[in-house]
Every structure is written in C-alpha cells, then in structure tokens.
There are 2 protein chains.
Amino acid sequence: MARLVMKFGGTSVADLDRIRNVARHVKREVDAGHQVAVVVSAMSGKTNELVALCRGASILHDAREYDAVVASGEQVTSGLLAIALQAIGVDARSWQGWQLPIRTDGAHGAARIESIDGTRVIEQMEAGRVAVVAGFQGIGPDGRISTLGRGGSDTSAVAVAAAIRADRCDIYTDVDGVYTTDPRMVPKARRLDKVSFEEMLEMASLGSKVLQVRSVELAMVHGVRTFVRSSFEDPENPKTQPNGDPFGTLICDEDEIVEQEVVTGIAYSKDEAQISIRRVADQPGIAASVFVPLAEANINVDMIVQNVASNGAETDITFTVPAADYERAMKVIEDRKAEIGYLLLEGSTGVCKVSVIGVGMRSHAGVAAQAFKALAAKGINIRAITTSEIKISVLIEDVYTELAVRTLHSVYGLDKG
Amino acid sequence: MARLVMKFGGTSVADLDRIRNVARHVKREVDAGHQVAVVVSAMSGKTNELVALCRGASILHDAREYDAVVASGEQVTSGLLAIALQAIGVDARSWQGWQLPIRTDGAHGAARIESIDGTRVIEQMEAGRVAVVAGFQGIGPDGRISTLGRGGSDTSAVAVAAAIRADRCDIYTDVDGVYTTDPRMVPKARRLDKVSFEEMLEMASLGSKVLQVRSVELAMVHGVRTFVRSSFEDPENPKTQPNGDPFGTLICDEDEIVEQEVVTGIAYSKDEAQISIRRVADQPGIAASVFVPLAEANINVDMIVQNVASNGAETDITFTVPAADYERAMKVIEDRKAEIGYLLLEGSTGVCKVSVIGVGMRSHAGVAAQAFKALAAKGINIRAITTSEIKISVLIEDVYTELAVRTLHSVYGLDKG
C-alpha cells in the first residue's frame, strides 16, 4: 500500500470522455490498494475563457474577483470527476481550496501556497475515500479565493503530496515524460528515466513546459518523488518500468540517480530579445539603476551578462527579455539614460537562448568548450554566454535554433538509444 | 438613504454587455445615496450547461458534487459584476455563499436557507461598498456548497434582504411586473401596481413564472417589500411611479393595498395530466395509500379533489400531476391496486388548470358562481373544481385554455385600464 497523488491537467480532463478515462486511471490505483488523492485542472480552454470574461469586464480588474471567477474552472472539474468516480464504484469527494484548506499568501492571481492542512484528506483516504482536490487555488489570508497563477495545478499537486506525506506524486500529462530535448525539433530526443530536481528546474525555467517551475522547487524542498507520465496510456494496463515504477520520468533527488550523465538535456527558449547598454561606468549601483526600473515595470529579465571592463572605467551590460516586452524595456532604459549614464543603447529581437544542462558537468571539465567548438564548426555565432554550475547558456540568432539544438544534442551523446 | 437588495436573473447577466448594464443600474442607486447589496444568478444557459455536464458524468450523481459544479455559475457572475462595478468607480466585492455565510440545511440540490449572517455585508455597506452575493447557493451543515434548486436566486435575494434588514428588495427581470394574467395570451392584461404576498404565492405556484414560490413565502414571513421590475429600463433614468416607487409591481402585505380588487389575476397551468381513481372505499388511510407512494416516487401532485361519497361507502379521487410524470404516476397507482382497492383507474393528459385569484374574494360572495356561469356561457366543460380562501381553480380541456383565461379576465373587470 502506498499513498499517491495523481494530477491531471487540462487536456486530460478536456471533456466527459476524458474525465471518465481519468476515473479509470484512479480506479486502477485504488484497486491496487493505494490511498489516492487526485488534483485536477480546469477543462482545457476553460481557464482562457474565464480570463477573457474578466478582461472583457474590465482591462484593469481586481485580482480577488479574477480569482473567484477563474477558480470556478477547477471547481467544476473536481465535482465532475468525483461523480465519474462514484459512477464506477470508487468512493470519492471533491475538495475546494478553501475547504481543505490550502492556505496561500495574499498575492491574488499569483499566490504562493503557505500551508495545507492534510488531516481531513488523510482521514478520508484511510477510510477508503478518494480526495479530488481542485488544483490551482487556495484561500488567502483575507478569507477569499486565491489562485496560484497559470500552471498552478502542478504546484497544488506537489504541495498536497507534501502535506499528506505521499510516497509519490504522479503528474499525468499529454507527453510520456521529460525528454533530452524537444522531440518535435529533434526526432532523436530520448525520454529520460530519471532527472534530478536541479536539472528539472533549469529545464522548466528554460522553456521545457512539462512542469511549472514552482512545483519543481516545492518537490525539491519537500523531497517529493514526482513522476511525469502520460494520461493516454491504457488506464487498466499502463506500461511500467522494469522495476515496477510507472513508465515516464521520475524527478528525484540527485542521489537516487546512480549513473549520472554529464549532460542530461538541451533546452531552448525562443522569442527572446536582447538589449545591450554600451559603455556604462563600471561603478557600484549601475546594475541596480538598470534592473530596478525594469522590475518595477514588471518586465522579466532572463539572461544578464556583464563583462569585466577592459580599461577599468567603462563596460557593457547585455540582458534578455521576452520579445513581447522588448519595446517597453527599451523605453524604460531610454527614459533613464541620464541616470544610468551610457553611451549607446542597442537591441534586437529574433534571438534564442540554447542551454546545455546536466548536474554531471560540475565534476567534468571541458563541457562548455565542447559546445562552443561544435557550434563554431556549424558556423553559428555566439552572441553571449552565461553559465551556472549545472548549465551553459548561449544566445544565438534564432534562425539557428534547430541547428544548434540538434548539434548539441548529438555532441553530448544524447542521440544514442 | 435606504438599504436595498437588487436581484438580477440569468437573462439580465447573459453576457458582458448585460453585466455592464446591471452595473449601471447599481451605480444609479449608489449615487442616490443608498446602501446596496446585489444578488446575481448564473449567466443564462450556464446552469443548464453545468447540469448537463453532471448528468453526462453520471445519470445518478451525488447531489453534493452536483452542487459544487452548478454553484460555479453564480460564482463567475458575482466576480464579473464586481469587476464591472469597480470599472465604473463603484466600490464592490463578491461574496460566495460559504463566505457570508448563507447557511442551509443538508438537502443538497434543493436546500433551504436556515440563516444568513448579514453582519459583514452590513459593515461593508456602511463603509460604502456594494456586496455582490452569488445567488442560488449556500453552505450546508457538512461544510460543503449547497444549492437551493432552480430559481433559487430569488430566494437568496429575499433572504439576504431579511438578513440585512433591507428597506426593499428589487427583483429585476425581463418583464416589468406582475400582470393580471399572461400578456402573451391576453393582450388586455394589465400590470398590477401592488399585489399581496398571499395572491403572489397562488400566482407563482400556479405557473406565473415571475418569482420562485419559496422567495414569496420568505418575503411574506419576513415582511420584505419586494418589487418586480424590468432590467431593460434605462439604467440612469428608469420610469418611476407617481409616488417615487419603482415602476413595476410591489409585492407587499395585504394591509398596504388600500383599494383591493375582488379578483387580482387569472393564472393557468398547462401540461397537466388528470388521474381519477374510481370507487375506492371511503375509509381512513385511503388518501395516504394513494399519495404516499406518489411522493416517494418524487411525483409532484398538484390539485386533489375528493367528493363526499354518495352512498357512504365508495368515492372517487381525482388529482393532477405534471404531464411529464403521467406514465410514471399511473404505474405507481396500478402497482398498488390491491393495496388501495379501487375499481377503475382513468386518466388523461391534455388538461389545463385555470385559477381565479384575489384576496378580495374572502369578503365577496358569488365570485365562484360568476366564473362557472361565464365558462358555461362559452360552452367550456369544467372537469373538476377546487377552491381555497383566495383562489378558485377549475380543470378544463386544454384546447379551451385561452378562451377560458380571456373570458375570466374580462368577467372580473380586469380588462379595464
């Protein structure tokens, strides 16, 4: 007997047929003797529809009202799945965020979970009843419905798993796991059996949209073993790994991964824009004068590169922002020209960030050199480079994205089956 | 300064344009210095859509899950209206049933309101903030969302009005008041300025679908002055009565109606079926043996007629049920033939009940005789008659409905302007 959290996203509950399919997945685990809590998203398209209604009512809208409106999507799915489970003889009940309760902070629209009371769910699970929890939502300190921001149901699932001390959190999605890179771009991409929390964090934040970043952070902090697996498998007889684990990708502690590859995956992030501020004074406070106004304008800055100034007096700062925020970001910097004190402002859209990720590179020299050499051999110019302990990112012109990803995927031996 | 409850039904909040229109109605009252609480239904069509989803998930479904799913409709409207109000500078917030809370009994799917805590709404209204309350819902003794059954938002509105001691409860709808009869059938039908609670109860239960019966009961018990008025009036300049009251129909205590007409209105109820049980023993327990099984089968019996037995031994019982339940009702009675002990079971669909209503008839003799004479003059056969203190109902063949209604409307002087 194990205690499981099963999470199903929007496409897995898109209509009544898919909801019935989910119910069969749940029944399989219940029949195997497990205690089960399920976390569900809104039916696909529903959240967008509700968001559009809020925007239609007013462009600037009260985030608390937005939350009340948008959270209704998961409320509906949780009730429908409980009904579908009961219809096939599985005892179940729905739980809204405010009922458990799932307590969040007061940042309506993008709230963070602060605590979950798992007592009642555990009681009911022990009595043989499946808890169907509405994902993506909680209750704020003001006693009002809060939502976690898009993709928040993954976070709900991991948080519920931590609260009820689940043995495993299975994230059912429309892919069968985490891949070495985007399989739509690289047909030779391989499914990873295991990936460490740290690597997954880099992959998630770099645009592999399998899991929400916050959910991976939470899984890492609480040590929740999280499986990414397909909801399109036969609900009664899904494929399994030789060791009995689900067929999919286990996201787990690095220690659990015995044979660690040097490089685990290649991620990329398109639709970026690059902004370079030329010849700023190399003195304390300059970086703050650039990035504080950008943060205040709610512009998400990703890569930041600043080289050591050659003459000890002036330097260049380069950073990337989402292409959609490019014009706004340029204006913010132009408006502060006097304050920042730069000579020239340059920028361009149409760039892409490609990243090589792997915890193994901590103990292996030459990983970066290998990437640079391979890209050079293909004639791909590298505009900027940043690195962390387990990641190397390069900024390139975005027409070269596919070539760069395929080249790197191959050079690190990820093509091999 | 008055304290008002304004209730808007599904067609009044059918889309964002209509919701913005509602917001203007509310702003008018706020600008006039009133304290306002608003009660809203789901956007029209929404509740049916959610009910269909529940039925699709399973024909037999847990009423508690049904409630969680269906209550989401009003949740969405309440949030959207709060946003629309804020957008035009009216301070407002939404309240879900569980937030006030509106406490109901545990009869999920058709719950009755037991109590409403108006404290917080009053506090906020006094601070100048409009409370937008999701209608049709509350929280049951089990801490789960409950719904009041179809049309329940009227009941929510009246109950909220009672809880916050409102001076008036305005029910905005797609008609501009209560009429002497159905204006689609009788062009000469006139809008009533006032109608007593008792009369409205008879009219509501007889198929004038303006207000839910339960809401009228509640208004009567708590003495809530309730106006039925049109949401299609100009929101900034709605028509008013000479005395400043809204243009519409005031449902109020009989005492408030100075010039009471003998007959206030003619109601009718089509799609009825009549069932007659011939020659049953005239002894205690017979009526129970007929109607208890029907109640258990959830069949709503309307008219019941039992005449005094002519020979003191056997009698006939006639009753009506909705045409949709006719086959089921006949089967229930057939299955219990031995138990009930009757000679013959007869029935027919295609009958209509026409009723003459008026509190004035309590003090006027001959009101019934006038009806029978008028119907006879038109050659309309009366199949059965029942009367209460303020109502006379006759059962007729339904092809004569329009003729009967027009005849009675005219004979009691309701045609006059």
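Structure data summary
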item	result
Strands (runs of 3 or more DSSP E) contained entirely in the stretch A:232-331, each with at least 1 residues that are over 24 Å from A:Ile382 (Cβ atoms)	A:248-252, A:265-281
Residues (touching a strand residue (DSSP E or B) at 6+ places or on another chain (Cβ under 7 Å) and either at pLDDT below 90 or closer than 30 Å to A:Lys194 by Cβ (or both)) located in the stretch A:257-277	A:Ile257, A:Val263, A:Thr264, A:Gly265, A:Ile266, A:Ala267, A:Tyr268, A:Ser269, A:Lys270, A:Asp271, A:Glu272
B:Ile116 open to solvent by 10 Å² or more (accessible area, probe 1.4 Å), in contact with a Phe, Trp or Tyr (Cβ under 6 Å, 6 or more places away or on another chain) and either within 11 Å of another protein chain (Cβ to nearest Cβ) or closer than 16 Å to B:Ser215 by Cα (or both)	no
Breaking point among (1) within 9 Å of chain A (Cβ to nearest Cβ); (2) open to solvent by 30 Å² or more (accessible area, probe 1.4 Å); (3) out of contact with any helix residue (DSSP H, G or I) (no Cβ under 6 Å at 6 or more places or on another chain); (4) part of a loop (DSSP other than H, G, I, E, B), for B:His61	(3)
Among the residues listed as A:Ser72, A:Ser41, the single one being within 25 Å of A:Ser94 (Cα to Cα) and at the interface with another protein chain (Cβ under 7 Å from one of its Cβ atoms)	A:Ser72
Number of positions in the stretch A:75-98 that are open to solvent by 20 Å² or more (accessible area, probe 1.4 Å) and either at the interface with chain B (Cβ under 8 Å from one of its Cβ atoms) or in contact with a Phe, Trp or Tyr (Cβ under 8 Å, 6 or more places away or on another chain) (or both)	3
Which listed residue, of A:Glu126, A:Glu202, is touching a residue at least 60 places away in the same chain (Cβ under 8 Å), open to solvent by 10 Å² or more (accessible area, probe 1.4 Å) and in contact with a Lys or Arg (Cβ under 9 Å, 6 or more places away or on another chain)	A:Glu202
Subset of the stretch B:24-54 (residues that are open to solvent by 10 Å² or more (accessible area, probe 1.4 Å), in a helix (DSSP H, G or I) and more than 22 Å from B:Gly140 (Cα to Cα))	B:Arg24, B:Lys27, B:Arg28, B:Glu29, B:Val30, B:Asp31, B:Lys46, B:Asn48, B:Glu49, B:Ala52, B:Leu53
Strands (runs of 3 or more DSSP E) within the stretch A:139-222 that include 3 or more residues under 17 Å from the mean Cα position of the chain (by Cα)	A:168-173, A:194-196
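The values are calculated or read from the model by the stated rules, or taken from the named source; none is laboratory data. From a predicted model like this one, the values you see are computed outputs, not experimental measurements. Here Cβ is always computed from backbone atoms with ideal geometry, including for glycine, and neighbour counts include all displayed protein chains. In case anyone asks, the SASA skips ligands and DNA or RNA and just uses the protein heavy atoms, side chains included. Shrake-Rupley method; radii C 1.70, N 1.55, O 1.52, S 1.80 Å.
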